[in-house]
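Reviewing the structure listed below.
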Amino acid sequence: MAKLSSINKNERRKKLVKKYAGKYARLKAIADDESKDDSERLMARLKLAEIPRNANPTRVRNRCSTTGRPRGVYRKFGLNRIEIRNLGNKGLIPGLTKSSW
């Protein structure tokens with residue numbers, strides 16, 4: 001089980017990303033558009049820098065939904081490799097079977 005503070009910190013980051021998603025995308029599009037003049041692109045970059053650092057989507061960490069473990073997380077299930085194995089062996093994940101050949 002991960003530290004509760006780490007899990008809560010990641011949840012706060014998710015909220016910030018959601019809150020600033022529209023503004024972030026709009027400014028990023030202006031800053032990356034090479035057809036705009038340089039001063040307008042620079043202003044967009046400066047406004048991007050004013051957005052809170054934790055509002056950047058790359059700062060959100062994928063974590064297991066049951067244990068909070070940050071490593072070995074499968075996006076399809078939202079679980080880490082250990083939980084997938086445990087729940088899969090019990091037959092609690094639909095469509096997942098243990099391979100044998």
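Read-outs throughout are calculated quantities, based only on the coordinates presented, and are distinct from any laboratory measurement. These figures come from a predicted structure and were not determined experimentally. Ideal geometry is used to build each Cβ from the backbone, glycine not excepted, and the neighbour counts take in all protein chains shown.
Computed values, structure above
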| read-out | value |
| --- | --- |
| Above-threshold pairs, the threshold being 32 Å between Cα atoms, out of LYS19/LYS98; LYS47/LYS76; LYS15/LYS98; LYS9/LYS47 | LYS19/LYS98; LYS47/LYS76; LYS15/LYS98 |
| Residue among LYS76, LYS18, LYS47 with the largest mean-square fluctuation in a Gaussian network model of the chain, springs linking Cα atoms under 10 Å | LYS76 |
| Neighbour-count ranking [beta-carbon atoms within 10 angstrom, fewest first] of GLU34, GLU40 | GLU34, GLU40 |
| All-pairs alpha carbon distance profile, the chain, 10 Å steps from 0, percent | 14, 30, 22, 19, 11, 4, 0 |
| Cα gyration tensor of the range 51-101 - equivalent ellipsoid semi-axes, whole Å, descending | 30, 10, 8 |
| Of the DSSP H helices in the chain, those whose Cα atoms cover at least 20 Å axially and whose Kyte score averages -1.0 or more | 4-32 |
| Between the range 27-44 and the range 49-88, the alpha-carbon center distance in angstrom | 32 |
| Relative contact order %, the chain, counting alpha carbon pairs below 8 Å whose residues are six or more apart | 23 |
| Neighbourhood charge, 12 Å Cβ-Cβ cut-off, centred on LEU92 and excluding it, Lys, Arg +1 and Asp, Glu -1 | +1 |
| Helix-derived mean residue ellipticity, 222 nm - over the chain, DSSP H n ≥ 4, -39500 (n - 2.57), to 500 | -17500 deg cm²/dmol |
